1. For region 28-39, does any single residue satisfy the condition of being under 19 Å from Val128 (Cα atoms), open to solvent by 80 Å² or more (accessible area, probe 1.4 Å), among the aromatic types (Phe, Trp, Tyr) and at pLDDT below 95?
2. Restricting to region 55-81, name every residue that is touching a residue at least 60 places away in the same chain (Cβ under 8 Å) and hydrophobic (A, V, I, L, M, F, W, C).
3. Of these, Val95, Val112, which one is more than 14 Å from Gly67 (Cα to Cα) and open to solvent by less than 30 Å² (accessible area, probe 1.4 Å)?
4. Can you tell which of Arg117, Arg106, Arg78 is open to solvent by 20 Å² or more (accessible area, probe 1.4 Å) and either more than 16 Å from the chain's Cα centre (by Cα) or farther than 23 Å from Asn28 by Cα (or both)?
5. Determine whether region 114-129 contains at least one residue that is at pLDDT below 95 and of a type in the set (A, V, I, L, M, F, W, C).
6. Pick from region 132-143 the residues that are of a type outside the set (D, E, K, R) and surrounded by 15 or more Cβ atoms within 10 Å (Cβ to Cβ): which of them is nearest to Lys166 (Cα to Cα)?
7. Looking at (1) among the polar types (S, T, N, Q); (2) open to solvent by less than 30 Å² (accessible area, probe 1.4 Å); (3) assigned to a helix (DSSP H, G or I), which is the only condition Asn129 fails?
8. Only one of (1) free of Cβ contacts under 8 Å to residues at least 40 places away in the same chain; (2) aromatic (Phe, Trp, Tyr); (3) more than 21 Å from Asn134 (Cβ to Cβ) fails for Phe84. Which number is that?
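The values are calculated or read from the model by the stated rules, or taken from the named source; none is laboratory data. No experiment lies behind these values; they were computed from the predicted model shown. Counting neighbours? That spans all protein chains shown, and the Cβs are built from the backbone with ideal geometry, glycine included. Areas reflect the complete protein model, heavy atoms only, side chains present, ligands, DNA and RNA absent. Shrake-Rupley method; radii C 1.70, N 1.55, O 1.52, S 1.80 Å.
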Amino acid sequence: MTSSTVPADIIAIDAADIDEEAPLLHLNNAHATELSYLTAPEMRKLVTECCVAARIGAGRAFVLAVGENAQYESPNFRWFQDRFDRFVYIDRVCVDPSERGKGFARRLYAHVFTHARELGAPRVVCEVNAEPPNPASDAFHAALGFEEIGTALLEERGKRVRYFEKRV
């Protein structure tokens, strides 16, 4: 899961680190509207599927990304699986509000891009909420060069999402 090019402050997340008191679980669930709520067992299972699970600090920021062969039941992940043979899917990235503006998300994404290239994946993909809107995420992904490639209505979750890719 780690790479020789990992900056010193980016640390691999191990599934054993996730329990009910884990700072990353609390950070995720504080942003459940954008990310979706996870229990500790659900987050541990997701981390074991990840090709990139990395954090900055104990609970300052994190990213979880899976490759195309993951056994992950997300409808968004399956949307990409139905369309592409090779990709890395960023399932969630989160930065503690007190840490925003320090470049953490940008550094975590750069880490994912590097890992995707090492895996031979030609694209990194993700989705961003359209309803409820997430303008900060829209601006962030546009600045990194992501392009919209589709949309979906997730009625069971009360969300409309837009799908994005960045060629790496």
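1. Yes; the residues of region 28-39 include at least one that is under 19 Å from Val128 (Cα atoms), open to solvent by 80 Å² or more (accessible area, probe 1.4 Å), among the aromatic types (Phe, Trp, Tyr) and at pLDDT below 95.
2. Within region 55-81, Trp79, Phe80 qualify.
3. On inspection, the qualifying residue turns out to be Val95.
4. Selected residue: Arg117, the only one of Arg117, Arg106, Arg78 that is open to solvent by 20 Å² or more (accessible area, probe 1.4 Å) and either more than 16 Å from the chain's Cα centre (by Cα) or farther than 23 Å from Asn28 by Cα (or both).
5. Within region 114-129 (the criterion being at pLDDT below 95 and of a type in the set (A, V, I, L, M, F, W, C)), the answer is yes, since at least one residue qualifies.
6. First, the residues of region 132-143 that are of a type outside the set (D, E, K, R): 132-137, 139-143.
Adding the requirement that they be surrounded by 15 or more Cβ atoms within 10 Å (Cβ to Cβ) leaves 134, 137, 140-141.
On the way: Asn134: 19, Ser137: 15, Phe140: 13, His141: 9 Å.
The selected residue is His141.
7. Among (1) among the polar types (S, T, N, Q); (2) open to solvent by less than 30 Å² (accessible area, probe 1.4 Å); (3) assigned to a helix (DSSP H, G or I), the lone unmet condition for Asn129 is (3).
8. Status for Phe84: all satisfied but (1).
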